[in-house]
Structure formats: C-alpha cells, structure tokens
Amino acid sequence: MARRYDPERRQRIIDAAIRVVGKKGIAGLSHRSVAAEADVPLGSTTYHFTTLDELMVAALRQTNEGFAKALAGSGVLDDAGGDLATGLARVLGEWLGGDRPGVELEYELYLAALRRPALRPVAAEWTEETARRLAAHTDPVTARALLALMDGICLQVLLTGAAYDEEYAREVLARVIP
C-alpha cells in the first residue's frame, strides 16, 4: 500500500494534543489519546514525536504565542511615550477576558515545565523574549519584575476564579515601573 502524503499531519497532531490537554489536562495526554483526537494512526504520533515530551514541547511552543500575540497586537510596546502600566493592565484584561480555556491551557502547559525538564527551555524562551520586549521600555530588572508580577496576577485570577481587576493591576504595575 502506498504511503499517503499528508504535509499537514504534524500540525494536526500538535493541534490535537492541545485539544486533549484542554479537555483532559496534562494527565490525559498520551500518544494514543492524541492519535484518536487527530484521527491518525498511533504510529503517526510516534513518527512525528518520538516521546511525549517532544509533543508537549511543540504544543507549549504553539500555545505560548497567545499572550505574545495579544501583547504585540495591542500596540502597547510600540508607543514609547505611552503609559506602560495602563497598557499592560489593559492587555492582561483583554487576554484573560478573551479565550479563557486557551489562557488556562497556556498556563497548564507552561507550569508543566515544573515536572518536565524538556519543557523548561520553551518556557524560558517565552520569558526571555517577553522580558526583552519589555526592557525596551524600561531596564532589564524592571522588565523581569513586570513579567513576574503579570504572571502572578494571571495565576491568581485563573486559580481563584476571581474577576480580573484592571485598576488594581495598573496600580501595582505602576509601582514597579521607575
């Protein structure tokens, strides 16, 4: 039997892995569950991703784009004279108020790096790139502090189910910015 040419298969597998984590959490992710979700043979998932960690790295890399796209699309970092704290607080609110399951998924994969060392470089890439972009508007130490504060605010909102308070976020972000 001739092998079917399917250039989109790898991407479909990554998308399926993201859906599986979204439905079942990290614990529900397996080559078998992803193959079923992607409607591909099990061998296809192991062909493209030898280990589950490789698949999780690809999924994390793709989901990490969520906040980065929101930040880039906001124009906050393009406005050199703008109020950075207000802009960042607005972007956080829009991101958290948008695709909530997507935000939760992004954080679930991001936090999976605690137990899966293979994910740490991808998490670090996102952190370093975002800090670098913020540092163009402040100093590198403040940029890292802003990033840590935004992560903390997001985690509190996600974990407690509390409503996002944009004014609070603006005020604490402004306290960090010199």
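Observations, loosely collected:
- Under the condition of being open to solvent by 70 Å² or more (accessible area, probe 1.4 Å) and in contact with an Asp or Glu (Cβ under 9 Å, 6 or more places away or on another chain), the residues counted in segment 41-63 number 1.
- Verdict on Asp53 being farther than 26 Å from Leu119 by Cα and not polar (S, T, N, Q): no
- Segment 100-141, residues that are loosely packed, with under 13 Cβ neighbours inside 10 Å, closer than 17 Å to Val21 by Cα and without any contact (Cβ under 8 Å) to a residue 60 or more places away in the chain: Arg100, Leu114, Arg115
- First in segment 142-153 and free of Cβ contacts under 8 Å to residues at least 24 places away in the same chain and on the phi < 0 side of the Ramachandran plot, second anywhere and of a type in the set (Val, Ile, Thr) and open to solvent by less than 10 Å² (accessible area, probe 1.4 Å), Cβ under 8 Å, 6 or more apart: Leu147/Thr130
- When restricted to residues that are assigned to a helix (DSSP H, G or I) and either open to solvent by less than 50 Å² (accessible area, probe 1.4 Å) or touching a helix residue (DSSP H, G or I) at 6+ places or on another chain (Cβ under 7 Å) (or both), segment 146-177 contains 18.
- Among the residues of this structure, Ser44 counts as one that is in contact (Cβ under 8 Å) with a residue 24 or more places away in the chain and among the hydroxyl-bearing types (Ser, Thr, Tyr).
- Residues that are of a type in the set (A, V, I, L, M, F, W, C) and assigned to a helix (DSSP H, G or I) within segment 124-145 comprise Ala124, Trp126, Ala131, Leu134, Ala135, Val141, Ala143, Ala145, listed in sequence order.
- Number of the exception - Gly82 against (1) closer than 30 Å to Leu173 by Cα; (2) crowded, with 18+ Cβ neighbours inside 10 Å: (2)
- Helices (runs of 4 or more DSSP H) contained in segment 1-99 and holding at least 1 residues of a type in the set (Lys, Arg): 9-24, 31-38, 52-63, 65-74, 84-97
- For segment 4-18, the candidate set comprises residues that are among the acidic types (Asp, Glu) and open to solvent by 40 Å² or more (accessible area, probe 1.4 Å); within that set, the residue that is modelled with the lowest pLDDT is Glu8.
The values are calculated or read from the model by the stated rules, or taken from the named source; none is laboratory data. Because the structure is predicted, anything quoted here is derived from the model rather than measured. Methodologically, a virtual Cβ is constructed for each residue, glycine included, from the backbone with ideal geometry; neighbour enumeration extends over all protein chains shown. For the accessible areas, the whole protein counts, side chains as well, though only heavy atoms, and no ligand, DNA or RNA atoms are used. Shrake-Rupley method; radii C 1.70, N 1.55, O 1.52, S 1.80 Å.
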